[in-house]
Structure formats: C-alpha cells, structure tokens
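Report on one structure; see the data block that follows.
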Amino acid sequence: MTALVDPFGRTISYLRVSVTDRCDLRCAYCMAEHMTFLPKADLLSLEELDRLCTAFIARGVRKLRLTGGEPLVRRGFVGLVQGLSRHLGAGLDELTLTTNGTQLTAHADDLARAGVRRINVSLDTLDRARFARITRRDALPAVLEGIAAAKAAGLRIKINIVALKDDNAEEIPDLIAWAHGQGFDACLIETMPLGETGEDRTAQFLSLKAVRRELESFWTLRDLPDSTGGPARYVRVQETGGRLGFITPLTHTFCEACNRVRVTCTGTLFMCLGQEDAVDLRAPLRASADDDLLHAAIDAAIARKPKGHDFAAERLATPAVARHMSMTGG
Ligand code: SAM
C-alpha cells in the first residue's frame, strides 16, 4: 500500500482519533456549559473505529492517539485499545491516549496491559476550587487518584496544561514543579480559537513567550533537540531535572513539519486542526465491506491537506473554526 504524502511532501504517520465528543468535564475554554452532544447513533461503532484505524496503519500511520471528548467515557473503549494493540510492532510504533484522568483509576492497569506505554493527562491546576471553576466539575481528587493509578501501572505521563491568563498563570511554575517531582513531563499549550464556548478567549489568552520569559527569571531552561514529531518545542528545566514542552500555535506556527491528520467520532477526516475542510470517511466505510472506497477517500483527503492553519492571537474573540476541540480531539 502506498504511503500518505501530502502536496507539500509531508508524510502522514500520525493519526488522532476522537472516539466520542462527550466529556465528563466542561472546561470553559473548550466547550459551552450546556453542550449539545451528538446523538449516539451518529458515532462510528467500535468495530468501525477499529477498521478505520487499521486502514490508516496499512497506509503508514505509526502513531495512533485516541482522544475525545473524553475517550474513557466511551463504553467499550478499553476493548478498542486491546483490539488495536495487535498492530503494535506490526506497523504501529505507539498506541496512546489523551485523557482528563477522571476514569484512570478503573482503567490504568488494563491500558498498560494492552500495550499503552505513555499517556497525556490534561490538568490545568492543582487547586480544587480553581479546578472546579475551570472544568465546571469538582473532580480534582478523582483526577489525582487516576494519575497515581496510571503511574503505579507503569505508564509514562505527560501533563498538558493550557495556559490561562486569569485562571492559572500564577500557578504554572508550581504545576510544572509538581509534575517534574512526580517524574512526569509537562507541556504548556496556548488556547486556540476552536468552537463557541460562551466566553471570550481573548481575555484568557496568555502568550507562552511571556510565560517562558517569566520561568527563565528563576529557572534555567535548556533547549532540547528531541521532538516527538509534533508541535511542541522542549526544554530541560535544570532545577527540576524535568522536560517541559511549549505548544504555541498562536505565537509560532509549527505546520512545516506536520505529520498528522484527525478523525472525528463520526468518521470525518480533518486534514488540519485549524481549517474547516474535511472529508467524510463514514459513507465509504459503510458502503462496502472491503476498504477500496475508504482508501480512495483517504487519498483524496490527503491530496487536499492545507499548508497550515491561520490562527491569530488578534482574532481569538471569534472561533477560527466552528467545531470544538472535543470533536476533533486535542
Ligand atoms: N478529554 C481529554 C482531555 O481532557 O485530555 C481529551 C480531549 S481534550 C479536547 C484534549 C486537550 O485539548 C486538553 O488538553 C484540553 O485542555 C485541550 N483543549 C481543549 N480546547 C482547547 C482550546 N480551545 N485551546 C487549546 N487547548 C484546548
């Protein structure tokens, strides 16, 4: 099978799949408080998700990240992971997920047994009241318990922190120090203009350039050459010994090396997180039991992958794209 190479010569080797748009948190920068979720009947079945991922792996995808919404709220999710793990070492190098951690206590051991080696956990604060304000749910104890369970199960953990001017700016150094103290990587992310949330993101936008300057006033940050093939730029914090990433879609574009595409839980393939263009894979998937139509649709989509997003800090007040991160997955 031929590899997936886009018009700019970039080989697509990384697929992110949102397995549900539902979430048990309501992070204010991510979604509206009263979100309308998709009817369950619109979602790809677990078997269809498996078939879709398998088709991409046949085309050279080596890293698969399952996300959402919250992937662990989808019933049967661990079974999907167990099934997909058959590709590890047989095309697939890494099978991983991004989670808010609320359900990890119940599932961490099974995930580790299924061959998951590392996970990303999103956590923007260690303060219970602040967590409840940002996520609109009082779930910090469950998340911390889940993270501890994942660590005990031997999973490597990266803590993803969205930098928010009013909500967590002052806590960022403590959060990084805590993550590094636990032996986790940490990664800071700028808010992106994805979907209406009922709030103006401009007020919450915090440039990571400014955060880095602030961190450098008391820590020594050494640039690391290693990259996970993604948009993060990494440093080693000399004082904590830990790794810290910066994802700066607003202050620095990272599209030149983009190696990824995303599929929603309804089977829509987005070639860029920050653009509206998309290709439906559900119809070809359902049209026939063999994958010819599916591969033709994937080829047509990759041929349309744009050069990059055009997020801009000065346009944060209006979403660059209508859909929420919970649809395409973070
Ligand atoms: N529920 C899982 C979680 O919390 O990690 C996976 C999905 S969540 C949409 C993935 C990541 O996207 C989280 O780290 C979240 O903080 C981030 N995110 C959501 N909306 C965002 C936005 N508008 N800008 C930047 N990051 C966002």
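The values are calculated or read from the model by the stated rules, or taken from the named source; none is laboratory data. Computed from a predicted structure; not experimentally measured. Cβ coordinates were reconstructed from backbone atoms using ideal geometry, including for glycine residues, and neighbour counts include every protein chain displayed. Heavy atoms of the whole protein, side chains included, go into the accessibility calculation; ligands, DNA and RNA do not. Shrake-Rupley method; radii C 1.70, N 1.55, O 1.52, S 1.80 Å.
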>> With the structure loaded, tell me whether T253 is assigned to a loop (DSSP other than H, G, I, E, B) and at pLDDT 95 or above or whether it fails that test.
In response: no
>> Tally up the residues in the stretch 133-143 that are touching a Leu at 6+ places or on another chain (Cβ under 9 Å) and open to solvent by 60 Å² or more (accessible area, probe 1.4 Å), please.
In response: 1
>> Quick test of your reading of the structure: E190 fulfils all but one of (1) of a type in the set (D, E); (2) within 18 Å of E33 (Cα to Cα); (3) within 14 Å of the ligand (Cβ to nearest atom). Name the failing condition by number.
In response: (2)
> Quick one: how many residues across the stretch 152-176 are crowded, with 19+ Cβ neighbours inside 10 Å and not aliphatic (A, V, I, L, M)?
Replying inline: 4
>> Based on this model, can you work out whether T191 counts as of a type in the set (S, T, Y) and buried (at least 20 other Cβ atoms within 10 Å of the Cβ)?
In response: yes
> Considering A149, A142, which residue is more than 14 Å from the ligand (Cβ to nearest atom), more than 19 Å from the chain's Cα centre (by Cα) and in a helix (DSSP H, G or I)?
Replying inline: A149
> In the stretch 257-271, what residues are open to solvent by 20 Å² or more (accessible area, probe 1.4 Å) and free of Cβ contacts under 8 Å to residues at least 40 places away in the same chain?
Replying inline: T268
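Across the stretch 117-132, which residue is nearest to the chain's Cα centre (by Cα) among those that are open to solvent by 20 Å² or more (accessible area, probe 1.4 Å) and touching a residue at least 40 places away in the same chain (Cβ under 8 Å)?
Restricting to residues being open to solvent by 20 Å² or more (accessible area, probe 1.4 Å) and touching a residue at least 40 places away in the same chain (Cβ under 8 Å), the top hit is S122.
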>> I'd like to verify a number: residues in the stretch 79-111 that are aliphatic (A, V, I, L, M) and either open to solvent by 20 Å² or more (accessible area, probe 1.4 Å) or at positive phi (or both), how many?
In response: 3
> Exactly one of (1) more than 12 Å from the ligand (Cβ to nearest atom); (2) not in a loop (DSSP other than H, G, I, E, B) is unmet by V17. Its number?
Replying inline: (1)
